[in-house]
Each structure stands twice: as structure tokens, then as C-alpha cells.
1. What do you reckon, is residue 15 surrounded by fewer than 10 Cβ atoms within 10 Å (Cβ to Cβ) and either part of a helix (DSSP H, G or I) or among the aliphatic types (A, V, I, L, M) (or both)?
2. Among the residues of segment 48-56, is there at least one that is charged (D, E, K, R), assigned to a helix (DSSP H, G or I) and within 23 Å of the chain's Cα centre (by Cα)?
3. Just to be sure before I move on: is residue 26 modelled with pLDDT of 95 or more and small (Gly, Ala, Ser) in the structure I sent?
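The values are calculated or read from the model by the stated rules, or taken from the named source; none is laboratory data. Treat the numbers as computed from the prediction; the structure is a model and nothing was measured. Reconstructed Cβ throughout: ideal geometry from the backbone, glycine too, with neighbour counts over all protein chains shown.
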Amino acid sequence: MLSRDQLNKAHSNHDQILAQQKAAFAEERTQLELRVHELGEKFGKSQEKLEKTLKIHKKLKSRTQRISEHLKQKLQIAEAKHEELELEKQALQKCVPQDTYNSLKKQLKELQRRNNDFKRVIVSAVHHVPIGDMSFASVAMPFDTTFPGNYSFTEQHQY
């Protein structure tokens with residue numbers, strides 16, 4: 001068996017090893033607590049950053065939705081106006097045939113041209129006014145070339 005000295009020595013050796021292990025565990029625990037604290041702070045900062053990002057995202061999403069709704073409304077209005085104009089165009093096309101419209105347009109241009117020629121003849125200060133192959137001396141005419149208010153072409157030119 002072991003002697004008392006050996007037993008005391010083993011016990012003190014064991015106490016020393018136990019004290020070293022306790023110190024190592026205490027140091028490891030301190031390091032782990034520091035690491036937990038650091039990770040907690042890092043997590044808190046990340047959480048704040050995430051909240052801030054979510055808040056910004058929510059604002060942007062809200063703004064984007066408002067803009068989207070506004071543009072949808074504008075598009076609907078534009079589509080309605082386009083449809084209205086298309087219907088109006090179709091109605092107008094049904095009213096007057098295209099060939100009639102074109103012939104009336106040509107006739108209008110010809111009448112406007114003849115009217116402008118007539119105005120030039122009336123208003124001009126030329127002493128001899130040529131009409132066809134004859135020439136007439138100018139007659140003093142007042143320069144007020146407006147038509148009387150009650151003059152009507154439909155009454156004068158009925159066929």
C-alpha cells in the first residue's frame with residue numbers, strides 16, 4: 001500500500017492538477033463569455049441594420065406602389081381616350097364616304113384658290129383689270145371688302 005506521504009503527495013498533486021484545470025476552465029469560460037458578449041453585440045448591430053434596411057425597403061415599396069397605381073390610372077385614362085377617339089373616328093368614317101370627302105376637299109381647295117385670286121383682283125391697285133381677253137379700266141371702289149352680315153350664299157346659289 002501507499003504510505004501516508006505518498007498519499008499526501010498524490011492528493012496535493014491531484015489538488016494542483018484540479019486547480020490548474022479549474023483555472024483553465026475559468027479562463028476558457030471567461031473567453032467564451034467574452035465571445036458570447038461580442039457575438040451578442042454583433043447580432044444587435046446586425047439586427048439594427050436589418051431593421052433599418054427593412055424600413056427603407058418598406059418606404060421604397062410603398063412609394064413604388066403609389067407610383068405604379070398612379071401610372072396605371074394614367075394608362076387607363078389614356079386607353080379610354082384612345083378608345084373614345086377610335087370610336088369617334090369610326091363614327092366619322094361611317095358618316096361621309098372617303099371618296100366624297102376627298103372630292104369635297106379638292107373642291108374646297110379650288111374654291112379657296114379662286115376666292116384668293118378674286119380678292120387679289122378686287123384689292124389690287126392695278127389700273128387695268130384683265131378679265132379673260134378683255135381689259136377694263138379700274139373703277140374706284142371702297143376698300144371695305146367685307147360682306148354684309150345678312151348675306152347668305154345658300155339663298156343666292158341654289159341649284
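1. Spelling it out, it is not the case that residue 15 is surrounded by fewer than 10 Cβ atoms within 10 Å (Cβ to Cβ) and either part of a helix (DSSP H, G or I) or among the aliphatic types (A, V, I, L, M) (or both).
2. no
3. In short, yes.
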